[in-house]
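Reading through the structure tokens given below for one structure.
The values are calculated or read from the model by the stated rules, or taken from the named source; none is laboratory data. In this text the structure is predicted, and so the values were computed from the model without any measurement. Cβ coordinates were reconstructed from backbone atoms using ideal geometry, including for glycine residues, and neighbour counts include every protein chain displayed. Heads up: the accessible areas ignore ligands, DNA and RNA and are worked out on the full protein's heavy atoms, side chains in. Shrake-Rupley method; radii C 1.70, N 1.55, O 1.52, S 1.80 Å.
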Amino acid sequence: LKATRRQGPAAGWPQSAESTGMKEAAAAGGTRGDGAGTVVLGTYDGALLGLRGDTGAQKFGYAPHAGCVKVVACSQSGRLASGGTDHFVRLFDLGRAVEVGELQEHNDTVSCVEFWGPSSFISGGADGQVCLWRCSDWELLLKFRAHKSAVTCIAVHPSGRLMASAGRDSSVRLWDLTRGTSAAIVPTDEAAELLLWSPLGGRIAALGSGSLSVVDVAQSGSVAVWRDPDSQGLMRVALSAAVWLREGEILLGDGKGELRVFAFQPSSGQEEGAAPGNLTEVCRLPSDPSRSRVKAIARGVAAGAAAATRGDVVPFAVGTSSGRVELWRFTAPGPSTQLSPERFQRLKVVETTARLTCLAFWSGLDGGTIAATNGQTAATEGGRAKKRRK
């Protein structure tokens, strides 16, 4: 079970960065346990670039794909997966700075990848197929056709039992992962480019190029839709990235480089049917004329009950089409009404000059979790990912 290795440089970076690959990161002791986390960037040139989550210093530069990198995702234990136009999923261990292997089951571009917990991994592609993998030995457990056309995004519910998918057929589907069956089909006005479950799983957000929608699935069933009133006709500005900051707040990025925070307020639940909710802009982050189209936003902490209820400090990264990466810190104040730009602090700006397509943020691990996952990694090293023949 041998993984194919590609040793190409990270295009668009200075000469000193071209020699920083996975081997150099491993020689320096890997990336685990430094307390800063790692921001991973995917590029049009097939490269993956790793930056420290606090200073923005480069950790590695590595070109594992023969085509454009379309998506990257990190698990809490430090697994990294990337999908690209070369039809491959590439797998890495960020903590030990080594390549684990590759998966080939899709007949077209791999457009979405996501980990759930320590044991499951899901990939989706432009061939309309979704694959469910077991991480311990990378066995393919389930494969099904999710959409008639390309799958644009997937989102696994925090419980792990339910998954939402969106496709170019302008539909959002809910899937029972325990059975691999469709639970619901919801037609949409436009194809959703991004689906996001809230930290506690009570709400789901769908982002299209012209609208942001939030559904309160746990309680009232209320739906809120926001469209930019200043974006009409030829002056339309596409919405391009979003992330849940807490259970009730979403950070939204657009084609002009603007970053806005929205608060979702569900209906009272007393009305019959799905009453409309409310999605309100509560603040804007400071504008920057050097910030181009926002391509991706990723938060650097595990989204869960503790983060949703406490006044936590939440780091997140913003990536733009020009290769600019901004590292931010959000201090959660309490109610959404207390949100203000002062709660957001930009820590660092890194101009990579790479043609950025996607990014992910791994927060790193504490000592106890590292010890546990080290044992799991050693136990599963014999089940390295392999290239699957169709």
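Exposure check, 1.4 Å probe, all protein chains in place: LYS59 carries approximately 30 Å² of accessible surface.
Between Rg and the Kirkwood Rh of region 41-132, both from Cα atoms, what is the Rg to Rh ratio? It would help to have the intermediate numbers written out before the result.
Details: Rg = 12.7 Å, Rh = 13.2 Å.
Over the Cα atoms of region 41-132, Rg/Rh equals 0.96.
Peptides 181-187, 216-222, 42-48 ranked from most to least packed by the mean count of surrounding Cβ atoms within 10 Å: 42-48, 216-222, 181-187. Measuring with a 1.4 angstrom probe and ignoring ligands and nucleic acids, GLU249 comes out at about 10 Å² accessible.
Please state the relative contact order of region 78-200 as a whole percent: Cα pairs under 8 Å, 6+ residues apart? Working shown, then result.
Values: 311 pairs, mean separation 18.2, N = 123.
Over region 78-200, the number comes to 15 percent.
Entry note, region 172-262: relative contact order of 17 percent, from Cα contacts under 8 Å with a spacing of 6+ residues.
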